[in-house]
Amino acid sequence: MAGGWAKDGAVGEQIEASINDELARLRAQPKPQGESLTHCAECEEPIPEKRRLAIVGVKLCLECQSERDGRMVQRGGINRRGSKDSQLK
């Protein structure tokens, strides 16, 4: 069910488009290359062998990688809602 001037299924299309955009962004991120390090590049703690074998080219221990992944990164987005405010500008 759509509201206002939106066509039926518009909300689902917006959600699907947002998900596809995020997946494309994640796939475009550079992958680790080269040989895995034995010690973390940030804290110099040993990287477990199982982690080095599972992720080729790993440079960070699990704790440092989790910390890095948890940081909020500002990125521009697209206003898909089509709110009245965005249409009036």
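Farthest towards the positive end of the charge dipole of the range 31-70, among the residues V56, C43, G70, is the Cα of V56, using unit charges on the Cβ of Lys, Arg, Asp and Glu. Amide H contacts of I47 (H built 1.01 Å from N, in plane; Pro and chain starts excluded): H39, C40 sit under 5 Å, all sequence-distant by 5 or more or on other chains.
Kirkwood hydrodynamic radius computed over the range 31-70 comes to 9.9 Å, based on all pairs of distinct alpha carbons.
Taking label positions 7 Å along the Cα-Cβ direction at both L23 and V11, the computed distance is 2.2 nm, reported to one decimal.
None of the figures in this text is laboratory data; all of them are computed from the coordinates on show. Since the structure is predicted, the reported quantities are computational estimates derived from the model, not experimental observations. Backbone-built Cβ (ideal geometry, glycine too); neighbour counts: all protein chains shown.
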